[in-house]
Every structure is written in C-alpha cells, then in structure tokens.
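*Asks:* Please read through the structure below; I'll follow up with questions.
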Amino acid sequence: MGEAIITRRGGAGEAIVEFENFTPTNTVAIFHPDGELVRSTPTALSAARFLLVGASVGNYALFAGGDDGSDYCDTVDAYDTSLTRSTVELLEARIAVQEAKLVAVGNAAIEAKLKFEELSALIAEMQEAKVDQKEIQKVIDRAEEHKQANIENYQEWRQLKVRLEENKEMLKILKGEDSINR
C-alpha cells in the first residue's frame, strides 16, 4: 500500500490518499483548514502506475508521471476538492461552456446598463417636462432595478472569468504546456 500526502500551499489543509494496487482505497482523509476531517473515495487514477509524484496547484491535487511496469507514463490526473478527477477532454468541454456563459452574462450586463442609461435620460426629460413626481418615481424604480441587475451580472461575470482562467491554467498543466519546472 502506498500513500500520498498533498498539502495546500499558502494555507492549512491537506489530503492523505492511500493507494492499494494503484487505486485509491476508501481511506482518503481530507483535513480542511477549519479542522474538519472528511473521508471520501476519489475516482481511481486514469492509469495504474508507481513512482508517481504529487503536487497541489490552487484547488487541485495533481498526480503525474510514474512507471506502469513497462514504460514511463506522462499521464497527469487532477483531482478537485470534491476528489473528482479531471481529464483534458472534460476540462476542454467545461471551458467551452464557461466561455459561452461568460459571453451571455456579459451581454446581459451590457443590456441592463443600456436600459439603465435609457431610463436615466427619460427621467431627466420627465423632470424637465414637470411630469408628476409619482410617475417619475416609477421610472426611477425601474432604472434602479436595471442598475442592480447590471451590478449582479458584472459580479457573476467576474466570478466566471476567474473560474475560466483557473480551468485554462489547469488544462495547460494537464497538456504539459505549463511553466512549472519539471
């Protein structure tokens, strides 16, 4: 039986993964920074091998290289904090979906901003024309709704962009296009 201990850089927390016949056993322990101990079973490594190396990058534990008994392996398995293994194909598909969602959320933010600007101009015209204050307030309320939608869409866009960049970096690592010294 082998064991891999992955510590998280820049903070507390570690994962201890025990292997039996190159497959993670049911005795995986994850120690979170808050002291919580979680036991879980990850998906098996993509290729049985020994003498592999492990590292942590962001929220991923990486298991790379090794020997399958007949040749050196250039396989890299990446596990997220839920112990779900990622592959190049899965990350490429996830990146495509995230890019499409990023565009959609960005468009929604732009639309809300434009609607807010349009309503702001209408409010100014209504005030010049001395329209009843109750009617102006209705338009102000609608403008505020669009302003809030714009803020929420922008915040979601920023979060999506961060996750997209993280996944792109992980894909580079999995493809061997990273800048990590080997």
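The values are calculated or read from the model by the stated rules, or taken from the named source; none is laboratory data. Values in this document were obtained by computation on a predicted structure and should not be read as measured data. Glycine also receives a Cβ, built like all others from the backbone with ideal geometry; neighbour counts cover every protein chain displayed.
*Asks:* So for the stretch 86-105 (the condition being among the basic types (Lys, Arg) and either part of a helix (DSSP H, G or I) or surrounded by fewer than 14 Cβ atoms within 10 Å (Cβ to Cβ) (or both)), does at least one residue qualify? Talk me through it step by step, then tell me what you get.
*Replies:* Residues of the stretch 86-105 among the basic types (Lys, Arg): 94, 101.
When the remaining residues are screened for being either part of a helix (DSSP H, G or I) or surrounded by fewer than 14 Cβ atoms within 10 Å (Cβ to Cβ) (or both), the result is 94, 101.
Yes, that holds for at least one residue.
*Asks:* In the stretch 149-160, which residue that is free of Cβ contacts under 8 Å to residues at least 40 places away in the same chain and over 20 Å from Ala121 (Cβ atoms) is nearest to the chain's Cα centre (by Cα)?
*Replies:* Applying the filter and picking the extreme gives Gln159.
*Asks:* Here's a follow-up. Taking the stretch 162-182, which residues are surrounded by 15 or more Cβ atoms within 10 Å (Cβ to Cβ) and at pLDDT 90 or above?
*Replies:* Leu164
*Asks:* Starting from the stretch 134-148, keep only residues that are in a helix (DSSP H, G or I), then list their pairs with residues that are charged (D, E, K, R) and surrounded by 12 or more Cβ atoms within 10 Å (Cβ to Cβ) whose Cβ atoms are within a distance under 7 Å, requiring at least 6 positions of separation or different chains.
*Replies:* His146/Lys115
*Asks:* Lys113: among the basic types (Lys, Arg), surrounded by 12 or more Cβ atoms within 10 Å (Cβ to Cβ) and either in the same structural domain as Leu62 (by TED's automatic domain parsing) or in a helix (DSSP H, G or I) (or both), yes or no?
*Replies:* yes
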